[in-house]
1. When segment 955-971 is examined, which residues are found to be in contact (Cβ under 8 Å) with a residue 60 or more places away in the chain, aliphatic (A, V, I, L, M) and open to solvent by 30 Å² or more (accessible area, probe 1.4 Å)?
2. Go over the candidates VAL475, VAL463 one by one and state the one that is modelled with pLDDT of 90 or more, in contact with a Phe, Trp or Tyr (Cβ under 7 Å, 6 or more places away or on another chain) and β-branched (Val, Ile, Thr).
3. Out of the residues in segment 900-926 that are in contact (Cβ under 8 Å) with a residue 24 or more places away in the chain and open to solvent by 10 Å² or more (accessible area, probe 1.4 Å), state the one that is farthest from LEU956 (Cα to Cα).
4. Considering LEU1053, LEU1070, which residue is out of contact with any strand residue (DSSP E or B) (no Cβ under 8 Å at 6 or more places or on another chain) and at negative phi?
5. In segment 561-568, is there at least one residue being under 22 Å from the mean Cα position of the chain (by Cα), open to solvent by less than 10 Å² (accessible area, probe 1.4 Å) and of a type outside the set (Asp, Glu)?
6. Show the residue pairs meeting these rules: Cβ distance below 6 Å; 6+ apart or different chains; first residue within segment 983-1002 and without any contact (Cβ under 8 Å) to a residue 60 or more places away in the chain; second residue surrounded by 11 or more Cβ atoms within 10 Å (Cβ to Cβ).
7. Among the residues of segment 327-344, how many are at pLDDT below 75 and either open to solvent by less than 40 Å² (accessible area, probe 1.4 Å) or part of a helix (DSSP H, G or I) (or both)?
8. Check off (1) over 24 Å from ASP1098 (Cα atoms); (2) touching a Phe, Trp or Tyr at 6+ places or on another chain (Cβ under 8 Å); (3) in contact (Cβ under 8 Å) with a residue 60 or more places away in the chain for ALA284 and give me the number that stays unchecked.
Amino acid sequence: MGPDVPLLSDYKQEFFWKRFPQTVLGGPRLKLGYCAPAYLRVLDEAFAGVVSGVLMLGVGATLQGLARCMAHRSGVVQRLPAANNILADEEEVEFTHCVAPETVHFVVPGKKFMGNVVLHTFLAGALCGLSTWYLLPDRLSGLYDNTGAGLGAVVPLFALSWVTVCIGEYSLIVSTATETATFQPQDTYEITPLTRPLYILTFITVDLALRFSGSGVAELQVAAQVLHIMFVALPVLWALGMLSPLDALLLWAMEQTLVHGLGGSAMSTNIRLLVMFLSSLCVAICTFFIPSSLGVVLFTVVMGYLLSQDLTQLLVLVKGTSLTLGLGWWGLPISLMFIIGALTEAGLLHQLYLINSGNLTSVEHLESSIVPPSPQEVVGWILIALFLLTHLLRELQGACVLGGAMLNPLYPKRVTTAQAFRQKTRGLLSPLAMIAFLSVDESLEKVHTASLAIGFTRAFRMVWQSSEAALLEMVLVVVIRLAGGHRVARWNELGTTVQLILVSLVVNRISQFVCKLSFALTVLITSWTESKQRRQSAGTLLALNATLFPVLLGVVALSALLSAPLLPLFTLPVFMVGFPRPLRSWPGTPCTACPCPDSVYYQQPCKRLASAIRPAFTNGAFGSCTPGSHYLGRFQGRLLWISVLERGYGYCTVNIKGLELQETSCHTVEARRVDEVFEGAFDHVERPGQCFRLLNPHWGNVLTPCSLLPVRVYSDAQNVLTGIIDSPDHLRQLNSDFLKTFVWILLRYCVQELTRGAQRTKGHSLQTSGRKSQSSQLAVPSEQGPAVVKVAMDSHIRPESSSSSHLRGPLGLGLGLSLPFVDKGKDNIPSLTSTTVPSNSQPLHFTSPHSEIFSLPAEWRTAQLASSKLQVLRPCFPESWFCFCLSQLVVESFGEGDFEQVTLGLQEDRALRELYAQVVLSCCVGLGADAQVFSPNLLFRLYCGDGPWTEGLEWLRANKELHQLTLRAFRYSVKLLVDQASLGPVESLDELYTTLQNYLDNWFIGLVTDRSWQDSVAQEKPFLFSLVLDHTMGTYTSCVLSLQENLVQVGVLNEEGVRGQWANLSWELLYATNDDEERYSIQAHPVMLRNLTVQAADPHLGYPIYSSPPIHLRCL
């Protein structure tokens, strides 16, 4: 697609310009897009004026009552389902007259719930009354008298303010506009109509506070004046989507208060956020009422540690069902040691500080000229040294330094093995030094103020919750004091803990500003430098942004101040402030995906990748890992999106998503750029110029390489089989290999059935107590384990023994308690060897007493095939291989006895040999594998189980288990063909037997599309093999997956770039409904990674094929 692809399709443009005026005006549908009766427009405009009167309550009740009355009229209007209603899709209605039900429903759609009818109507009345009081002309004149504003300024303010009130009232009692600020895809409980009125009530609340305070508070006076002016701008803010919906606003407010006010972390789910917010608030309240400063220190240290832990892991330890990677029960004594050590240190230091401060006061007049440094100042210098050391160590752990501008010269030039990677050092940061800093703070003597109670609760919590951030904040406070900040009275009066809160806010907002500005410049510059992104309007937008650069800085600063995403409209350099929302960006729990058969390739390495992430988080290889951070992992054509949801002391909660494997053109372009970014950092491609050698060639990309992680994952290898499966020499051997493989599989099947029978017998014998066992001749294994069962045998058992006539059981095994044998002396008693067969089959009479173990089911030898055809193929049956397999399986299956005699008896049993020959050759004919020389097409079709029709195919398919064994044998033989062509022919029967056993134990050989393939990947089968037809090239390839340790390349993404693109995605799909698969905002952008970012969004806006539940990682 070219860069000038339409931002919105023609249909969506018409739809957008019908919807946007409704949003601006609060709901009136003035622009319908089609011809409508004149009375409809009159009614629609009249409501906007009527709702602003003093009779708002009555009008609202009348309108809602009329709407419900018309909705319950039967036989007048029959509403079509939305799926079949074409008029509803086009927003067209057939009108008959001005009071028709469809007309009333169009103007006043009504509410879904009766409770909302009552609530919204009464709220509309209250809002109108309060707004009238809020906008009284005398009130406005009195408010702005001292500012010099005359009547000319008050009148426009009065008129425009009533427009704002009318827009808010309209959404309550008439119809609700679709908001540009949409957080939830669906408004199930009709919360959207409350958004605008509640913002209006917030403004009115400030004015009411000023009225009841007697206008004596100067701050409230200024706030009321500013808010009256902003009141006029509310419709513009609503239209631009800068004001959050109520649910997003509540979550954002709790998250910001928890992080910056109470020292917590952003949480992985909404429920966890609510519970943690309330718990932290209770701790702050309790801190306020503790009488002694020592009690405050000890209480806040303990509660800070407990709240910084993921206490739900105690339930996980009890249940043992959740996906968690922690220390297990060892975490409890370790946590107890931390708490005891921290309490001892904090208590002793605080008591010593109190004693020392008393002594200093008593001798102050004696040595006034000598001022020793305070304990907190000494600890402050220690913190500065600790910060420099830990920051340096963390920087050296990653592949890039200085914000990604330069490559780390100390990073290994070529990390080709996981062992080389594991030699990297680790950094450790202890919070004990910060506890010492806070324990000797002089503000503890004045802790019985709300601000200091909250401050100390947050400070001691941050020490544990986010040690790196707390260390940075304390160092900045110490540096400000050393620079003379303690001489500023107002700053010094705040106290250390309140200073830490302010420093935290400033650092966070500056960090956001830098990230947002970097993202904005990336969008702006690449709109011109990337030729495939250069639209016709690119020059105009570039010049406009350059001219209005101060405005751009203001937009970026405002979005950083509100901690809201910077929204690039359609991902063009047209920037808006998105509405504030939680860091997760999405309302639901992060575990939804669009699953497909490829999802298993991400499900398998998910837990192993999480295990590899743990040391990277601990040693700082991923940089400063905070909630809201996003990382991109790349290996073997797969892309992993790692999001940090929550962070505490010694733990981290992440979500891992897998992006699609069926690469589109856009996906391929961005994946190629990702590979180039990682190659430039990890492979250190030589570039001319000594001074540019360490510069990151891809600095400015939203992706910055971090580290390499050794992970045990599947490696994919594709080999073209041209020259192998089309070689006559190789294909001639296939028929013989198939018969040998099938014989081995059938014999192995019998041994497995013997194992199952023995296990069933064991379970039965455990249930029947007090009964004498009949198994004196058979040793039943005491535990389940190997795939075979060791059977004790007595080679001297005579076939004519009459004592065996009472033995019966499944598969003729006498319930697995003794070996079967033939009773030829009693014809009236059914023989165990006389397998039940149709009347046209002859009963089998085995000459060996052990042959029944290897007997096959009767229905497997009922193929209606011409005897002449089987006689022709009879010489192909591998008798020597059959005898060899019998000898091997006898040794493996029987625990004791004369192996040679048993083996000889089985090998000389002609009936057993003919049974196998009949079944093997019948299946060979039925499958269609009796061809002298296979063609590649026939081989591939037989491998897939889609061979041509043959004489016995339907009989074979009717015996499903036999059909599956036949398919497995043919697939094993194809794998054997490929191996022999690559590695050389099999030289002995023993080597062939070992190879087939290896296939059974370590390989899954089938089709990529089989469900068993996905199950084998999930179970981590060491190797998987399949044949694949490349339709584009017309070639056959082998797909081999091998489970081995690979290095996963991981880089950090610009988190504000991700939030900005997701904010645009939410606006574009939920409001503009621009779901065109070829829209501009989803096209490939190799610098912003736009297509990959859209994929990684939560469904239904994004489409990751795998998304893990929140994974708890212990990172201590």
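1. none
2. Working: VAL463 fails: in contact with a Phe, Trp or Tyr (Cβ under 7 Å, 6 or more places away or on another chain).
The match here is VAL475.
3. GLN901
4. On the way: LEU1053 fails: out of contact with any strand residue (DSSP E or B) (no Cβ under 8 Å at 6 or more places or on another chain).
Of the residues listed, the single one that is out of contact with any strand residue (DSSP E or B) (no Cβ under 8 Å at 6 or more places or on another chain) and at negative phi is LEU1070.
5. Going residue by residue through segment 561-568, those that are under 22 Å from the mean Cα position of the chain (by Cα) are 565.
If we keep only those that are open to solvent by less than 10 Å² (accessible area, probe 1.4 Å) as well, we get 565.
From the residues that got through so far, the ones that are of a type outside the set (Asp, Glu) too are 565.
Yes, segment 561-568 has at least one match.
6. So the pair list comes out as VAL986/LEU992; TYR999/TYR972; ASN1002/PRO1022; ASN1002/PHE1023.
7. Number of matching residues: 4.
8. Among (1) over 24 Å from ASP1098 (Cα atoms); (2) touching a Phe, Trp or Tyr at 6+ places or on another chain (Cβ under 8 Å); (3) in contact (Cβ under 8 Å) with a residue 60 or more places away in the chain, ALA284 violates only (2).
The values are calculated or read from the model by the stated rules, or taken from the named source; none is laboratory data. This is a predicted model, so every value here is computed, not measured. Neighbour counts are summed over all protein chains in view; Cβ atoms, including those assigned to glycine, are modelled from backbone coordinates with ideal geometry. Heavy atoms of the whole protein, side chains included, go into the accessibility calculation; ligands, DNA and RNA do not. Shrake-Rupley method; radii C 1.70, N 1.55, O 1.52, S 1.80 Å.
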